[in-house]
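Quick notes on the structure that follows.
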Amino acid sequence: MGLLSEGTPLSWSETQKHSEHVRQHGIRQFISLYYRLKDRTKDSLKWGDEVEYQLVRLTKSAASSSDQQQQQSQLASQLALVADQILPELQREEIENGGRASTLWRPEYAAYMVEGVPGEPYGHLLAHLNLVEANMRKRRAQVQSLLGSDVYALTLTAFPRLGCPDFCYPGAKPTPEGGVSCSAFLPDEVIYSGHPRFRTLTRNIRERRGKKVAINIPVYRDLNTPDGLLEPPTEHTAAALPGHIYMDAMGFGMGCCCLQMTFQACSITEAYLLYDQLTPLSPVLLALSAASPVHRGWLADTDTRWRVISGAVDCRTDEEMGLKPLERNRFRIAKSRYDSIDSYLSADGQAYNDIPLTMDEDILRQLMEAGVEPSLSRHLAHLFIRDPVSLFSEKIHQSDTEESDHFENIQSTNWQSMRFKPPPTNSTIGWRVEFRCAEVQLTDFENAAYVVFIVLLTRVLLTLQIDLLMPISKVDENFNRAQQRDAVKRQKFFFRSGAHLYDNDPELVKAELREFTLDEIVNGCQDFPGLVPLIRQYLSMSHTDVDTMCTLNQYLNLIQKRARGELLTTAAWIRKFVTEHPAYQRDSRCTEAISSDLMAKCVEITQGSYRPDELLPCTSSKTSDTLPQVISDAELYLDNRPRRNGPK
């Protein structure tokens, strides 16, 4: 969601005039924050998840008597543009209780999306892991209770026919020659209108770039897939490439849903460690959670949203991309604003920063002269090569010591695989890191399993003190592989071998880096102990109630079976559904009939009335709304005991 400042949005030409002002004062705001809070410590790890929902309308379509359509769906599926109607009610409890509620709700980019988070962060006890699924169920039920009988809150990464004719309700037409996005496929009505940030970002990214965004994703080639361009060219689709699915608006990426987790560390040093050590795990989780093989009605030869969303917010000019000599712009920039990170932050990570880091040298100098740690200074000087792409007239002039909107303006529009987050001003919140790459799954059970898996890996990293660092260039290569079709079964990923999990000799680690399947990384093999076995080792050293341990075992079982290929990823299941549908013509098209039947199945899976054996295990968790009393009492004691400085 990012920074949601209120005010009057500026045009790109007006924003551009203030770009240097925002950068300079943003850095001053950070330096002020850093000096006040760099020594802040917390006693325990706190964390939370963010789940994004798509609102899908499923209705009966008019019956047809033609032979071809007799075998096709009698359903019609559309995205329901009703987020602005339900958000006020979703937020009522929070507003009436001064910001406190059992669940918190925020707008997202699209008018068919909402984002829900737990009302309070979870704590350090293992028993908190047993609350996650129950809270996710509550969130979904809250949304569903406000929707009509034909609209469903689905945790769907990508609606398969976004941008196709009649994909939204109420209906709207794209305006390729005007409006905010100038898209040939997406009407501006799909952008959430309740906050000006989203339309402002869309317009300013397009205008900064000097043209529409151009997203080209390789199509999955089947027997009857068209050669060359998939569709007849028009003056509005000139950037389409042969053999690729062409999309031309920010909404194609930011209109996807994801599953994110934020972890509060006990200190800035621990936050560095989590940021760095979770980075090599990011492409692993992207591949394991892959859930989006269909875009704009076409089967893609990829399984994730990553390349789509990266292209959707790519505001780089031709000069910055190296297509023209630098004249008006300052830097060559290798990646989109949405991509994998470019450098580690911890002292141990510096030896693995092996890709060029483009930096604003003036900002780097300011940070270094102010005493900010060199690795963090380089990180921020790299983020701040970007221009602000959303600015409000009321927010131009701010305090450098009491506010942080200018800093967050740049920080929050660098949508990287990991995000390092300083404490907010005037807050009790500590240093945090955000894990941003996972795709959302269809059921609350699956989403809870992926969240818990990552949380347990943070405990393994901190407790067993294993080291997963590898060259950043190899992490980038792993991201490329993670996006490919059926990456779980068909790809190998660079990873440390088991012999070097505790090795602090970077040259030896680099020389001995191995390629493993996801099965080997998750479940273990002769040369690597496996992430789940390491988690089980950690759990054997810990204590919790029987129900929590039962739930954890069910979650780990899902992760293990997905990694082995015994259970399909969501992307593989969707692809299988499309290609085996009676109406599929082996032409790579996901027609309205196929898409509507797919959405109907997704609703059944979400509601629990259908459980495909190839996608989900036959067991369920013992999730609970509340902690066991004995653990709740112990937590109350821990929360009220005298504090000590520093990490545990």
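The values are calculated or read from the model by the stated rules, or taken from the named source; none is laboratory data. Since the structure is predicted, the reported quantities are computational estimates derived from the model, not experimental observations. Cβ placement follows ideal geometry from the backbone for every residue including glycine, while neighbour counts extend to all protein chains displayed. SASA here: full protein model, heavy atoms, side chains in, ligands and nucleic acids out. Shrake-Rupley method; radii C 1.70, N 1.55, O 1.52, S 1.80 Å.
Which log10 I(q)/I(0) values, to two decimals, does segment 396-454 give at q = 0.26, 0.27, 0.29 Å⁻¹ under the Debye formula with one point per Cα? One equal scatterer on each Cα of segment 396-454 leads to -1.09, -1.13, -1.19.
Over all other residues within a Cβ to Cβ distance under 9 Å of Ala287, the charged ones net out to 0, with Lys and Arg as +1 and Asp and Glu as -1. Backbone amide hydrogens, once placed in the peptide plane, bring Leu79 within less than 5 Å of Arg57, Cys168, Tyr169, excluding anything fewer than 5 places away on its chain. When the chymotrypsin sites (Phe, Trp or Tyr not before Pro) in segment 473-508 are filtered for DSSP coil states and for at most 12 other beta-carbon atoms within 10 Å of their beta-carbon, the remaining sites are Tyr502.
In the chain, the portion of solvent-accessible area held by carbon and sulfur atoms comes to 49 percent [1.4 Å probe, whole percent, DNA, RNA and ligands not counted]. Can you list residues whose amide H is under 5 Å from Ser417's amide H, if they're 5+ apart or on another chain and H is modeled 1.01 Å from N? Those lying under 5 Å, H to H, from Ser417 are Asp339, Ser340, Ile341. A cut-off of 5 Å between modelled amide H atoms, ignoring neighbours fewer than 5 places along the same chain, links Leu568 with Leu615. Listed peptides 611-617, 265-271 appear in the order 265-271, 611-617 once ranked by packing, highest mean of other Cβ atoms within 10 Å at the front. So if I take the centroid of the Cα atoms in segment 110-185 and the same for segment 574-594, what is the distance between those two points in Å? When both Cα centres are located, 24 Å separates them.
Taking every Cα-Cα distance in segment 175-263 and sorting them into 5 Å bins from zero, the calculated P(r) comes out as 3, 13, 21, 21, 16, 13, 8, 4, 2, 0 percent.
In the chain, a dipole from Cβ-located charges (positive for Lys and Arg, negative for Asp and Glu) runs towards its positive end, and of Ala334, Ala249, Leu259 it is Ala334 whose Cα lies farthest in that direction.
Accessible area per residue for segment 235-374, computed on protein heavy atoms with a 1.4 Å probe, is 30 Å².
Taking 15 Å as the straight-line reach from the Cα of Lys474, the aspartates and glutamates in range (excluding those fewer than 8 positions away in the same chain) are Asp276, Asp339, Asp342, Asp354, Glu507, Glu512, Glu515.
With only the Cα atoms considered, the chain has a convex hull volume of 160 Å³ per residue.
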